[in-house]
Every structure is written in structure tokens, then in C-alpha cells.
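What follows is a single structure, written as C-alpha cells, with notes after it.
The values are calculated or read from the model by the stated rules, or taken from the named source; none is laboratory data. Predicted, not measured: the structure shown is a model, and the values here were computed from it. When we count neighbours, we look across all protein chains shown, and the Cβ atoms used for this are built from the backbone with ideal geometry, even at glycine.
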Amino acid sequence: MKKKMVTALLAVSMLAGLSAVNVMAADDDTITVGFSQVGAESDWRTANTESMKSTFSEDNGYELIFDDAQQKQENQLTAIRNFIQQEVDYIVLAPVTETGWDTVLQEAKDAGIPVIIVDRMVDVSDDSLYTAWVGSNFKLEGQKAMAWLDAYLEAKGRGDEEINLVDIQGTIGASAQIGRTEGFDEAVEAHDNWTTLAQQSGEFTQAKGQEVMESILKQSGDDIDVVYCENDNEAFGAIDAIKAAGYEVGGEEGQILVMSFDTTNAGLTQTLSGEITCDTECNPLHGPRVEEIIQKLEAGEDVDKQAFVDEVAFASDDTVTKVTIDGTDYDITPITQEIIDGRAY
């Protein structure tokens with residue numbers, strides 16, 4: 001693509017009497033990036049998109065071709081093929097689900113275009129089909145959240161109680177759903193006194209989270225102790241449904257304890273109010289991380305195949321300030337307004 005642009009600019013420059021060298025210098029530094037985004041289903045996704053757009057801006061030396069897939073994998077397949085036809089320098093993909101990418105990624109590889117996967121992972125037969133992946137350790141997120149729940153209930157004198165849980169899952173097949181559900185399932189299985197009452201997808205949206213919670217409340221409302229929402233927007237919808245049905249949310253016995261993931265500004269605000277009792281971070285600011293990979297590739301340097309971002313967890317109080325998973329300690333930070341004000345999303 002850059003070669004075609006340079007050729008066109010050279011022709012124009014000759015007519016205008018400009019220096020071909022100056023034209024090439026002005027254009028050669030521009031890097032074209034095609035970015036296929038899942039959609040705009042949540043506050044987290046909006047922040048993720050903004051991070052990419054602000055990083056790959058014209059002022060920073062990039063041309064960004066952005067495509068919103070509207071939650072449909074077929075739209076992403078079309079977008080990637082369009083990027084290949086446009087001969088972009090790099091393709092960045094935030095996949096809807098993990099599977100179904102082998103053919104189109106092979107096409108990108110055959111075209112000599114590096115592919116960087118962000119957020120959700122892809123499950124492919126040959127991992128050389130993509131250059132690098134940047135994102136979160138979703139299972140560890142789930143493990144942190146459930147370790148916090150275990151410690152919290154123990155600290156409140158409820159460690160031996162029968163605890164009934166609901167899991168409002170994310171989009172089925174997405175890496176975040178798979179990892180967070182695994183963390184949930186393994187913890188429930190490890191506790192004889194924990195029972196999963198319901199497990200259903202809220203599709204990472206507020207509307208669906210509310211719809212699912214309303215249905216579950218009609219069947220099991222009086223029995224629910226904990227609602228584990230796999231992102232903030234689902235939690236917002238679930239809380240609305242719980243309150244509308246006449247139940248209280250919070251961490252005290254007799255209330256429904258709501259847990260969440262993402263730590264968006266709105267999510268942490270509800271953690272500060274106590275409506276969300278624990279919110280585990282999933283950092284959406286991937287733009288700078290992807291740019292670092294691209295700049296290394298431009299310089300001919302090697303890059304790590306996978307890069308997990310560092311993340312923390314926040315709680316509405318200081319009942320639990322640390323959890324241990326597989327011998328490693330992780331801090332749980334009591335949320336404050338100062339923390340919320342100082343965050344970028």
C-alpha cells in the first residue's frame with residue numbers, strides 16, 4: 001500500500017515541481033494498520049477502541065483502518081480480507097470467538113502481513129498464523145475473584161454456610177468467558193457447600209445481563225447468595241433486576257453479593273457504593289502495547305508470542321486485602337474515590 005501511495009505521490013510531485021525525495025520521506029514513515037474490533041457491547045470495549053484509535057493516529061505516524069464487526073465473526077472475516085486487499089502493513093484482530101480463523105489468517109500470512117491478536121485469543125492449528133497476542137489472563141482473573149470470595153465469606157463467619165451462586169457468563173466461546181467460567185467452575189467444585197443455581201450467557205451486555213437475571217430471580221430469587229457477572233455491564237443489568245425484584249445488593253448476610261470484571265469507571269463507582277462487592281481488573285488500554293510490538297517489528301526485532309498485561313482487583317471494603325493462587329500473592333485494593341479519579345477508563 002505504501003508503495004502504491006509513493007508512486008502516486010511521485011507522479012503528482014513531478015507535475016508540481018516538488019522533490020521526489022521529500023515526498024518519499026513524508027510518506028515512508030506512515031504505517032497502515034487495519035483493526036477489526038468485536039463491536040461496542042460494553043464500556044470496556046469502548047475504552048479499548050479509543051485506546052487503539054488514539055494510539056494509531058495520523059499525528060503518531062499511522063493510518064488506521066477501523067472496522068466494527070457488530071459482534072459477528074463473518075463481519076470480521078470480511079474485514080480481514082479487505083485489509084489484505086488494501087495491502088495494509090499490519091492487521092490487528094480482537095476476535096469475537098476463539099475458533100474459525102485458520103483460513104483467513106493463512107491468507108494474511110500468505111500476503112506477508114503480520115497479524116497481532118488483542119484481548120480474546122484465537123484457537124488455530126498453527127500458531128505461526130499470528131505474530132503476537134496481547135491481553136489478559138482470564139482464568140487468573142476468575143481465580144482471583146473466587147479466591148477473594150472464599151476469603152471474604154470466611155472472614156464474615158460464613159465459610160461453612162451453604163452458598164448458592166449464579167454465573168452470568170459472557171459471550172460463549174470468547175476467551176474472557178472461557179477463562180472466567182473456568183475460574184468459577186473450579187472454585188465451586190472445590191467447595192462442598194457451594195452450589196451453582198444457574199449459569200447462562202449475558203453476552204457481555206447490560207440489557208442481556210438484566211434479562212437473564214430477571215429470569216433467574218423468578219425461579220430462585222430467595223435462594224441466591226452470590227451473582228458472578230463476567231463483566232461490568234452485565235453486573236449493571238443484574239443489579240437493576242435484583243433491586244427491581246425487591247432484593248438488596250451488598251456484602252452483608254441476607255443481601256445478594258454481586259461480583260464483576262473489567263473495573264471500568266462506572267464499575268468501580270458501583271464498587272465504591274457497595275453494590276458491586278468485588279471488581280477484578282481487565283485492562284483495555286491495548287493501543288500502546290500493540291504499538292510497541294509494531295515498532296519492534298519495524299526495527300527487525302523479535303517479539304514475545306504472548307504478553308499478559310498486569311492487572312489488579314478492587315473490593316468495596318478492606319475485609320480481604322490479599323489472596324494467594326498457586327503460591328503467588330495478589331493484592332486486593334479497597335476502592336476509593338481518589339483511585340477512580342486517577343484512572344484512565
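Things worth noting here:
- Residue list for the stretch 292-318, restricted to those being under 15 Å from TRP133 (Cβ atoms) and either touching a helix residue (DSSP H, G or I) at 6+ places or on another chain (Cβ under 7 Å) or touching a residue at least 12 places away in the same chain (Cβ under 8 Å) (or both): ILE293, ILE294, LEU297, VAL303, ASP304, LYS305, GLN306, ALA307, PHE308, VAL309
- Residue satisfying all of: in the stretch 199-226; part of a helix (DSSP H, G or I) and hydroxyl-bearing (Ser, Thr, Tyr); modelled with the lowest pLDDT among these: SER220
- Subset of the stretch 26-78 [touching a Gly at 6+ places or on another chain (Cβ under 7 Å) and within 20 Å of GLN106 (Cβ to Cβ)]: ALA69, GLN73
- Check on GLU253, in a loop (DSSP other than H, G, I, E, B), in contact with an Asp or Glu (Cβ under 7 Å, 6 or more places away or on another chain) and either at negative phi or of a type in the set (A, V, I, L, M) (or both): no
- Elements of type strands (runs of 3 or more DSSP E) in the stretch 95-176, at least 2 residues being under 30 Å from GLN255 (Cα atoms) and out of contact with any Phe, Trp or Tyr (no Cβ under 7 Å at 6 or more places or on another chain): 163-169
- The number of residues in the stretch 171-216 that are of a type in the set (D, E, K, R), under 23 Å from ALA147 (Cα atoms) and surrounded by fewer than 21 Cβ atoms within 10 Å (Cβ to Cβ) comes to 5.
- Of everything in the stretch 305-334 that is farther than 24 Å from THR49 by Cβ and charged (D, E, K, R), the residue that is surrounded by the fewest Cβ atoms within 10 Å (Cβ to Cβ) is ASP326.
- Of the residues making up the stretch 132-149, at least one is in contact with a helix residue (DSSP H, G or I) (Cβ under 7 Å, 6 or more places away or on another chain), buried (at least 18 other Cβ atoms within 10 Å of the Cβ) and farther than 22 Å from SER260 by Cβ.
- When the stretch 46-70 is limited to residues that are part of a loop (DSSP other than H, G, I, E, B) and surrounded by 17 or more Cβ atoms within 10 Å (Cβ to Cβ), the one that is farthest from the chain's Cα centre (by Cα) turns out to be PHE56.
- Among all positions in the stretch 108-128, there is no residue which is in contact with a His (Cβ under 8 Å, 6 or more places away or on another chain), assigned by TED's automatic domain parsing to the domain that holds GLY209 and at negative phi.
- Some residue of the stretch 252-274 being surrounded by fewer than 23 Cβ atoms within 10 Å (Cβ to Cβ), in contact with a strand residue (DSSP E or B) (Cβ under 9 Å, 6 or more places away or on another chain) and of a type in the set (Val, Ile, Thr): no
- Subset tally (residues that are farther than 19 Å from LYS144 by Cα and under 25 Å from the mean Cα position of the chain (by Cα)) for the stretch 243-269: 3
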